[in-house]
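First the structure, in the form of structure tokens, and then the observations on it.
The values are calculated or read from the model by the stated rules, or taken from the named source; none is laboratory data. Not measured: the values here are computed from a predicted model. Note: ideal-geometry Cβ built from the backbone for every residue, glycine included; neighbour counts use all protein chains shown. Accessible surface is based on the protein model in full, side chains and every heavy atom, while ligands, DNA and RNA are left aside. Shrake-Rupley method; radii C 1.70, N 1.55, O 1.52, S 1.80 Å.
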Amino acid sequence: MEAQLKELIPFLRDKNPQVRQIALSNLLGQTPEGSPHRNIFYHGLGGTGLQKPKETDIIRDLKLLCRDQLAVAHDAFRALVNLSDSPLLVPFLSEPAFLTFLVSYILNADSILADLASMLLSNLTASSSPCAALLALNVPILKTPSSSSSFFPTLARSGTCFAPVPYPPGEPQDILALPLLIDAFVEGALMDPSGDRASRKRKGELHFLASVFANISTSPAGRTFFITSRPTDPLNPNSTNEYPLAKIVAFTEHQDTIRRGGVASTLKNCVFSSQVHRAILSPDTKTVVVPPSTLSAPGIDALPYILLPLAGPEELDLEDQEKLPSALQFLPSTKKRDPDPVLRLTHVETLLLLCTTRWGRDYLRDHGVYEIVRGAHMEETVDKVSEHIERLVQLLKGDESVETVDGQDCSFLSCQKYSLDVVLLGATARRQESAAIGDDCR
């Protein structure tokens, strides 16, 4: 059987698209983890001795077939998504040419398979080297002010993503890719999934970009990107400044688990540094500077989006209601907590990390966090989540010692460790790097 499958590989380069499709459809079944003949895709990738690993014909062919017509490109993307869980493939799928095509394809609003491309990018960024490459990646674009989309990524052109007609004049300019991906992610949430895909402004919903953001934020450079003030419009450097994290925090209540889970993990990863707590918690009516940058931007006002997934329909006294952010006051009787215990735990861990400074603890006390988590604890059925809520309550309701008056002593928190969240195909895992929650306060 394996020999017969190998005989199909040369047909991936056949001039007849139907032949390419038949060959690929027969190989596709061997790409998922646990398939009996999956090794045919990895054979020869490892290298020997001092020889560097070389890209094999079948991997090169699959990358090229992602640019093919719809049926072929669909199966090629699916195959690479299935295979990209192997570290052997990461260097070949994150090389500059293919990574630029992948990101450009996702950015183009007319890309039919953008969601599959987002899944592939999500898997790739579970490794640190593609994260670093994506943070520095620039993509060439042409501005298209007369089109429904404001720009065209020139390297996105393929059998499932056509160039605009008429073709935009001028020379392409290189733009940092990550701010553009964030804007595309926000646009994707506005698309009606029940509507006709052909009539949508953007063909993909791009939920898996939330996992990409979560993976990027596990690195210090990634967290710095999300909490560094930059122009709201990536194509207009003179636009008002905003923190990139502020654009995505609202999706912690989104109906799609992948989207809200990736955003929750991104937010949690970003609060590992106590320097950013004021910017993350402050309302958008107040401008805040995050060192070492000297540029200010409106506060992210993330607390409502952390608390809403933990909030239920419980009625509170008027005095307690007045403490809460406006988005949490007088919630309807139909309000439900996030059904996923992993995400509820993520939000509680985020609140615990925000307790590393005296300022953060006082802010959480003054804005009704205890009142929300008290109700969450009463309804919680998962022991691990309940235990973390109890630790949070101890911090919020405990007396502050003399040593913590100025916010410098967090040693009583240092025994509690939390891991940075990294996401692979929507399943949250814990990256080995961890941080003591008092480390930034020593």
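In Å and on Cα atoms, what radius of gyration and Dmax does the range 1-125 show?
Considering the range 1-125 through its Cα atoms, Rg and Dmax are 14.1, 45 Å.
Positive end of the charge dipole of the chain (Lys, Arg +1 and Asp, Glu -1 on Cβ, about the Cα centre): tell me which of ALA3, ILE372, GLY188 has its Cα farthest that way.
ALA3
Residues of the chain: accessible area per residue at 1.4 Å, in Å²?
45 Å²
Carbon-plus-sulfur fraction of the accessible area of the chain, 1.4 Å probe, in percent?
54 percent
Over the range 28-119, calculate the relative contact order: mean separation of alpha carbon pairs under 8 Å at least 6 apart, over the residue count, as a percent.
This gives 24 percent for the range 28-119.
Are there trypsin sites (Lys or Arg not before Pro) in the range 208-260 that DSSP puts in a loop and that have at most 10 other Cβ atoms within 10 Å, and which ones?
Numbers: sites: ARG223, LYS247, ARG259, ARG260; in loops: none.
The qualifying sites: there are none.
How high is the relative contact order of the range 6-159? Use alpha-carbon pairs under 8 Å, at least six apart in sequence, and give a whole percent.
In percent, rounded to a whole number, it is 19.
Report the full-extension gain for the segment SER333 to LEU88: residue separation times 0.36 nm, less the Cα-Cα distance, to one decimal in nm.
Stretched fully, the SER333-LEU88 segment lengthens by 83.1 nm.
I'd like the orientation of helix 341-353 relative to the chain: the angle between its Cα long axis and the longest Cα principal axis, in ° from 0 to 90, rounded to 10.
Relative to the chain, helix 341-353 is tipped by roughly 50 degrees.
Hey, with R₀ at 30 Å, roughly what FRET efficiency would ASN138 and THR285 work out to, going by the Cβ-Cβ distance, to 0.05?
Efficiency computed from Cβ-Cβ geometry: 0.30.
I'm checking a number: the convex hull volume of the Cα atoms of the range 253-355, normalised per residue, in Å³. What is it? If you can, show how the numbers build up before the last one.
Working: hull volume 11.4 nm³, N = 103.
So the per-residue Cα hull volume is 111 Å³.
Pulled fully out, how much extra length does the chain show between MET378 and GLU315, if you take 0.36 nm times their separation in residues and subtract their Cα-Cα distance?
Extra length available between MET378 and GLU315 comes to 21.3 nm.
Could you check which residue among SER158, SER150, SER333 shows the biggest mean-square fluctuation in a GNM of the chain with a 10 Å Cα cutoff?
Of SER158, SER150, SER333, the Gaussian network model singles out SER333 as fluctuating most.
Once you mark the chymotrypsin sites (Phe, Trp or Tyr not before Pro) that are in a DSSP loop and have at most 14 other Cβ atoms within 10 Å, what is the longest gap between them in the chain?
With chymotrypsin sites (Phe, Trp or Tyr not before Pro) excluded where exposed in loops, the chain gives 163-329 as its longest stretch.
Just to be sure I understand: with springs between alpha-carbon atoms less than 10 Å apart, which residue in LEU142, LEU343, LEU181 has the highest mean-square fluctuation in the Gaussian network model of the chain?
Sorting by GNM fluctuation, first place goes to LEU142.
Which value, in debye to the nearest 20, describes the size of the charge dipole of the chain about its Cα centre when Lys and Arg Cβ atoms bear +1, Asp and Glu Cβ atoms bear -1, and nothing else is charged?
On the way: 42 positive and 52 negative charges, 309 e Å.
It works out to roughly 1480 debye.
Sum -39500 (n - 2.57) across every DSSP H segment of at least 4 residues in the chain, then divide by the residue count to get the 222 nm mean residue ellipticity, nearest 500.
The helix-only estimate for the chain comes to -12000 deg cm²/dmol at 222 nm.
For the chain, find the longest principal axis of its Cα atoms and tell me its angle to the long axis of helix 114-124, 0 to 90°, nearest 10.
70 degrees
Could you sort out which of LYS268/LYS335; LYS286/LYS335; LYS63/LYS247; LYS247/LYS384; LYS203/LYS286; LYS335/LYS384 sit more than 26 Å apart by Cα distance in this structure?
LYS286/LYS335; LYS63/LYS247; LYS247/LYS384; LYS203/LYS286
With the crude spin-label approximation of a point 7 Å out along Cα→Cβ, what separation in nm comes out for SER129 versus LYS52?
With each label point 7 Å from Cα toward Cβ, the separation is 1.0 nm.
Please report the Cα spread of the chain along all three principal axes, rounded to whole Å, starting with the longest.
Here the spans come out as 75, 51, 47 Å, largest first.
Tilt of helix 369-379 relative to the longest C-alpha principal axis of the chain, in degrees (0 to 90, nearest 10)?
70 degrees
Below 8 Å, C-alpha to C-alpha, sequence gap of six or more: please give me the relative contact order for the chain in percent.
Over the chain, the number comes to 11 percent.
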